[in-house]
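The values are calculated or read from the model by the stated rules, or taken from the named source; none is laboratory data. Note that the structure is predicted; figures quoted are calculated from it, not measured. All Cβ positions, glycine included, derive from the backbone under ideal geometry; neighbour counts span all protein chains shown. For accessibility, only protein heavy atoms count, side chains too; no ligands or nucleic acids. Shrake-Rupley method; radii C 1.70, N 1.55, O 1.52, S 1.80 Å.
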Amino acid sequence: MLVGGDEFGPLGGLPGSDSLLLVPEAVRATAASVGREPNGVPEGVIPLGGGPAAFVALLDDQIRRREQGVVPRIDDDAAWTVVVAGLDLELERAHEALLALADGCIGSNGTPLWTHPAAEPRVLAAGVYTGSGPETTLVDAPVWQQVGGRMLPPGRLERTLDLRTGVLRHVLEDDAGSAEAALFSSLAHPGTVALRLAGPDALLPGEAARPTALSVVGAQGGVAVAYATSRRDDGLAGVQRLGAYVTDAERVPRTEEAVAALTCADGAGFETLLAEHRAAWADRWEAADVVVDGDAELTRAVRFALFHLMASVRDDGEAAVGARGVAGPGYRGHVFWDADVFVLPFLAATHPPSARAMLEYRLRRLPAAQAAARALQRVGARYPWESAATGEDVTPRSARLPDGSVVRIRTGELEEHITADIAWSAACYLDWTGDASFEPQARELLLETARYWASRVRVNGDGDAHIYGVIGPDEYHEPVDDNAFTNVMARWNLRRAAALAEEPERGHWLQLADALVDGYDAGSGLYEEFAGFFDLEPLVIAEVAPRRPIAADVLLGAERVAGAQVVKQADVLMLHHLVPGEVAPGSLLPNLDFYEPRTAHGSSLSPGVHAALFPRAGRPEEALAPLQLAARLDLDDLTATAAGGLHLATMGGVWQALVMGFAGVRPAGDALAVDPRLPDAWSGLDLRLRFRGVPLRLRAEHELVAVDAAAPVRVRAGNGPAVTAQRLRWTKVNDSWEVSS
Ligand code: IFM
């Protein structure tokens, strides 16, 4: 950014009028003065002199350099960049996932521009699948982010992802000279991609490629793509490529559509596309940024997570959000509860159209969920554990282990809590947005899922209601009866739907909900994870494992783990996080103390939930270790699985831990409740949120809450009364929050 003026320095004892342009947002801009500046310029301003003519010349020069195809620079701000220096043979594929560029429509990994045997260039189209049944997988679309098929020379490669602007920069220093490139996948025009590369001839593709167009056919939909590469040889040897992908989950787009989109992109030109792309990212950050005041490295890791969450989900039509996004092929792009429970809340609270598109994906598959319930002689809607194009269950039924043995996979048959999780996500969206236009669809989703539970629950002679034979989030134990998570989520589903239903369903559902056993023992304050869990071997994984996360089934053997009190991931504790109103008051602490050391974090979904709960239990310091685990999971490839793509659920969990856990922010009816509990090392959290249609900034400190909203909004600090205001501050006095302005 360039800030120009002619009066930055002081005049007549007053600050120069142009010094007002030096706002905090412009801190990294280049500032130049073309005025006389008799008293000098403030620090950082370049004193050019020369008057308006000098400023016009400066702008002309900028335009000329852009027209010449100069590769745009990125701002090397450590708070906003992820740098991968060199090419690590073992980590390359993980790095390619970390550096992925996505625009909600396609995801392009951060492969080097030049061919290398360790690299795996990949473009995935969100929601466009090929194959059938468990083999259903995201289609691999043609790659645009490599040039000319030349081998990567043995020089020094550095790739930098600018999270603030969604631009990936490559620099290669080689004996032949130095090459630099910038790539982006347009957030302003999803599907449009652009690349500029400049460098010595030996590093550039030979010929300028003529426009090419082709299409890839999936099972139902497909991808059409067109790209054109042009070469300049005017002293500044360089290559520019523009491309346009048209993707459709339901039909195969014609190549002419891609050519038309490319013509449009070409008409706009690289510079305009880049400016629009940067502006789109600026808007998204304005709505969603998070700053942890007191931990700059954590802030960067959080931004890395938010960047990929925002990039991975489109905000129109339907959004199928696979467990690993579009950064890698993991889980074949299948959609799990990861999307509904972990990713969606962040989007509902910052960019509702994306959350709405995720719900649309589920709504369009309601008929398939109804058919699945009917096939089991039940009613209502039963959503599949793994979902892809059609909404039929695509969970694999078996897997081959590294030793060649085959294991049965039963999650597709038994991990039924997904049905309540999806209902929960619809309610979560409504709670944050108050979107009245979605109420009819939310009602249908809640009613149909409740109907399923009503037909699934069995009532015993003694009047107790049970759910037999399921798998809970803790997949180390299967099948189990009366899994607390499944039963309480089903109970929540029945109650929430009852409020929207008519008699006799309403009364019946409320009765069933009250009768559902939940494993709670008032004496100990503990929920039993499932019937018989407390009778299993009392093994504390935190005392046995050298460190967590650990795949306890690999460490101890699946059989031993199945017979022990080892929990794969937050299960009972998920209830305290998702539906705190459904669990016994005061039960968080005993359950956290009991289940935390017994949890292996064998699933990446787990640590973020623990991090969210410790602050709520009044022990924020203990949340830091699981928070770091979640925040670093992909950045440091802690589970050696990032090559398969990014762990979007973990990323969503990081946001939930900060916002719902540390800041204690939750919708509470028509008010937003805030109740910060921060660790000593942090002085505050700065959050951007959107509640009931109103964008707001929230500063949460140990003893201060400040809200600055675009319009009056209802907010409640701690247990105090809700107040409607546009700007408000509370301070903590003797443990209670008092309005101070
Ligand atoms: O949805 C998760 C599940 O909870 C644990 N195994 C991996 C799935 C996909 O991330």
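Structure notes:
- By the Cα gyration tensor, the chain has an equivalent ellipsoid whose semi-axes, rounded to whole angstrom, run 46, 32, 24 from largest to smallest.
- Å³ per residue enclosed by the Cα convex hull of the range 289-662: 139 Å³
- Length gained on full extension, Val694 to Val739, computed as 0.36 nm times the residue gap minus the Cα-Cα distance: 14.1 nm.
- Taking amide H as placed 1.01 Å from N in the peptide plane, the amide H of Cys105 sits under 5 Å from that of Gly191, each at least 5 places away or on another chain.
- Prolate/oblate/rounded call for the range 663-741, Cα gyration tensor, a/c under 1.5 rounded: prolate
- Largest-first ordering by accessible area, 1.4 Å probe, given options Leu539, Leu22: Leu22, Leu539
- Charge dipole (debye, nearest 20) of the chain; +1 at Cβ of Lys and Arg, -1 at Cβ of Asp and Glu: 1100 debye
- Solvent exposure ordering (accessible area, 1.4 Å, most first) of Asp289, Asp670: Asp670, Asp289
- Simple rule: put +1 on each Lys or Arg Cβ and -1 on each Asp or Glu Cβ in the chain, find the dipole, and look at Gly669, Trp655, Asn734; the Cα lying farthest toward the positive end is Gly669.
- For the range 163-216, taking the reciprocal of the average inverse distance between every pair of different Cα atoms yields a Kirkwood hydrodynamic radius of 13.3 Å.
- Approximating the spin labels as points 7 Å out from Cα along Cα→Cβ, the Val217-to-Ala78 distance works out to 5.4 nm.
- Basic side chains Lys and Arg get +1 at the Cβ, acidic Asp and Glu get -1 at the Cβ, and with that the dipole of the range 289-662 about its Cα centre reaches some 820 debye.
- Positive-pole candidate from Ala94, Thr350, Gly608, dipole of the chain, charges at beta carbon: Thr350
- Taking the Cα centre of the range 152-291 as origin and assigning +1 to Lys and Arg Cβ atoms and -1 to Asp and Glu Cβ atoms, the resulting dipole is close to 200 debye.
- Calculated [θ] (222 nm, deg cm²/dmol) that DSSP helices of n ≥ 4 give over the chain, each run adding -39,500 (n - 2.57): -9000 deg cm²/dmol
- Among the protein heavy atoms, those of Arg408 account for about 150 Å² of accessible surface (1.4 Å probe, every chain in place).
- Remark on the range 2-67: Rg and Dmax equal 12.2, 43 Å (Cα only).
- The range 97-153 and the range 602-670: distance between their alpha carbon centers, rounded to Å: 28 Å
- Karplus (6.51, -1.76, 1.60) ³J(HN,Hα), θ = phi - 60°, over the range 540-555, in Hz, Gly and Pro reported as x: 9, 4, 4, 8, 9, 7, x, 7, 10, x, 9, 7, 4, 5, 6, 5
- Heavy-atom accessible area order for Arg496, Arg410, Arg156, largest first, 1.4 Å probe: Arg156, Arg496, Arg410
- Probing with 1.4 Å while keeping every protein chain in the model, the per residue accessible area of the range 322-390 equals 26 Å².
- Neighbourhood charge, 11 Å Cβ-Cβ cut-off, centred on Leu124 and excluding it, Lys, Arg +1 and Asp, Glu -1: +2
- Karplus-derived 3J(HN,Hα), 6.51/-1.76/1.60, for each residue of the range 122-135, Hz, glycine and proline x: 7, 10, 10, 9, 4, x, 9, 10, 10, x, 9, x, x, 7
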